[in-house]
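Throughout, read-outs are computed from the coordinates displayed, never taken from laboratory work. Everything numeric in this text was worked out from a predicted model, so none of it was measured. For neighbour counting, all protein chains shown are included, and Cβ atoms are generated from backbone atoms with ideal geometry for every residue, glycine included.
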């Protein structure tokens, strides 16, 4: 049986780099789309094992024309954390996704795997969605509309953490505060509930969904989380304790309640993962173990 070929977007990012490594270990052939200016530090050791196309240099469709693509995993996104123009965020999260989808339809790709966010689970929160979440939500609606033409697997990620995450992300920001032994870290009261899931468990969900995708039809959506919700305060407290266990000299104080909650902040999320469990998947990394792993990696 010939190897299946996966086209992966966002391979240079946090999630995409972990997915790329896992796909290669599972013996898939992988084609990646990136930009010529992309920072490839996460995947430099893997580049000689993949076929890469720079979409700012060549037409996107060339990858589909030159490679026999079986599946597409779309993990590219733009968070818009540095006050980038709205049009730039929409260009990546919506327009680029639609361009990939158009190519999938033109070249009769079997399955499109989309990376969605838990922020989109509460319709009443729509007016408070940030640019990132709104653009992701709109793209998901387009996928639903086109799901009569191509099989869609929508993976709605809960709060993912792990090594190789971006420096501006919440966990790495906290670790940076601890590294600098700041006197007090300003935080909200941290009562909001989130489902914190370790990156390895997220990747295994993609792999299982990929392996079983032939059994799907139309639009299929899965919550990718542990199924257990913890308060942000609990997560941060566990993270700080684990850090201090390895760095007893740290004297940083956690300033819960120093900041007001953001307008429209979700009190809790929909983390029902029963549909994913029916595929035979379950999270393997307990929060405490995952936190220790990320701190150990951080301190290497």
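Kirkwood hydrodynamic radius (Cα pairs, Å) of the stretch 1-86? Show your work: numbers first, answer last.
Details: mean 1/r = 0.0743 Å⁻¹.
Kirkwood radius, the stretch 1-86: 13.5 Å.
Given the stretch 234-300, report the % of alpha carbon pairs whose separation exceeds 17 Å. Don't skip to the answer; put the middle values down first.
On the way: 1388 of 2211 pairs.
When every Cα pair of the stretch 234-300 is considered, 63 percent fall beyond 17 Å.
Please report, to one decimal in angstroms, the Kirkwood hydrodynamic radius of the stretch 144-300 built from all distinct Cα-Cα pairs.
Values: mean 1/r = 0.0582 Å⁻¹.
Every distinct Cα pair counted, the radius reaches 17.2 Å.
Okay, helix-only estimate at 222 nm for the chain: each DSSP H run of n ≥ 4 adds -39500 (n - 2.57), divide by all residues, round to 500 deg cm²/dmol; what do you get? Walk me through the numbers on the way to the answer.
On the way: 10 runs with 103 residues, N = 300.
One gets -10000 deg cm²/dmol as the mean residue ellipticity at 222 nm.
Expressed as a whole number of Å, what is the distance separating the alpha-carbon centroids of the stretch 255-269 and the stretch 21-52?
Going from one Cα centre to the other spans 37 Å.
So what's the angle, to the nearest 10 degrees on a 0 to 90 scale, between helix 97-106 and the longest Cα principal axis of the chain?
Compared with the principal axis, the helix lies near 30 degrees.
Working from Cα positions, state the angle (0 to 90°, nearest 10) between the long axis of helix 232-246 and the longest principal axis of the chain.
So the inclination is approximately 70 degrees.
Just to be sure I understand the model, the point goes 7 Å from the Cα along the line to the Cβ. What's the resulting residue 297 to residue 228 distance in nm?
Label-label distance for residue 297 and residue 228, simple model: 2.0 nm.
Can you give the three extents of the C-alpha atoms in the stretch 43-173 along their principal axes, from longest to shortest, in whole Å?
Cα extents, longest axis first: 41, 39, 26 Å.
Does the stretch 143-188 classify as rounded, prolate or oblate by the C-alpha gyration tensor (a ≥ b ≥ c root eigenvalues; a/c under 1.5 gives rounded; else a/b over b/c gives prolate, otherwise oblate)? Don't skip to the answer; put the middle values down first.
On the way: a/c = 5.57, a/b = 3.53, b/c = 1.58.
Taking the square roots of the gyration eigenvalues as a ≥ b ≥ c, the stretch 143-188 is prolate.
How large is the Kirkwood hydrodynamic radius of the chain, counting all unique pairs of alpha carbons, in Å? Could the numbers behind the result be given before it?
Working: mean 1/r = 0.0495 Å⁻¹.
So the Kirkwood estimate lands at 20.2 Å.
Pop the C-beta distance of residue 250 and residue 211 into the FRET formula with R0 = 41 Å and round what comes out to the nearest 0.05. Let's see the in-between values first.
Numbers: r = 43 Å, r/R0 = 1.05.
Calculated transfer efficiency: 0.45.
Stretch residue 275-residue 27 to full length: gain in nm at 0.36 nm per residue minus the Cα-Cα span?
Working: separation 248, 0.36 × 248 = 89.28 nm, distance 2.61 nm.
Extra length available between residue 275 and residue 27 comes to 86.7 nm.
Based on the Cβ-Cβ distance of residue 48 and residue 86, what FRET efficiency does E = 1/(1 + (r/R0)^6) give at R0 = 45 Å, to the nearest 0.05? It would help to have the intermediate numbers written out before the result.
On the way: r = 38 Å, r/R0 = 0.84.
E between residue 48 and residue 86, to the nearest 0.05, is 0.75.
Which residue, 88, 192, 229, has the most motion in a Gaussian network model of the chain that connects Cα atoms within less than 10 Å?
Result: 88 has the largest fluctuation of those listed.
Express the Stokes-Einstein translational diffusion coefficient of the stretch 173-256 in µm² s⁻¹, to the nearest whole number, given a Kirkwood radius over alpha-carbon pairs, 10 °C and a viscosity of 1.306 mPa s.
Values: Rh = 15.4 Å.
Rounded, D is 103 µm²/s.
At q = 0.15, 0.20 Å⁻¹, what is the log10 ratio I(q)/I(0) for the stretch 122-203, with the Debye formula run over Cα points and no solvent?
Each listed q maps to, in turn, -0.82, -1.19.
With springs only between Cα atoms under 10 Å apart, run a GNM on the chain and tell me which of 108, 82, 154 wobbles the most.
82
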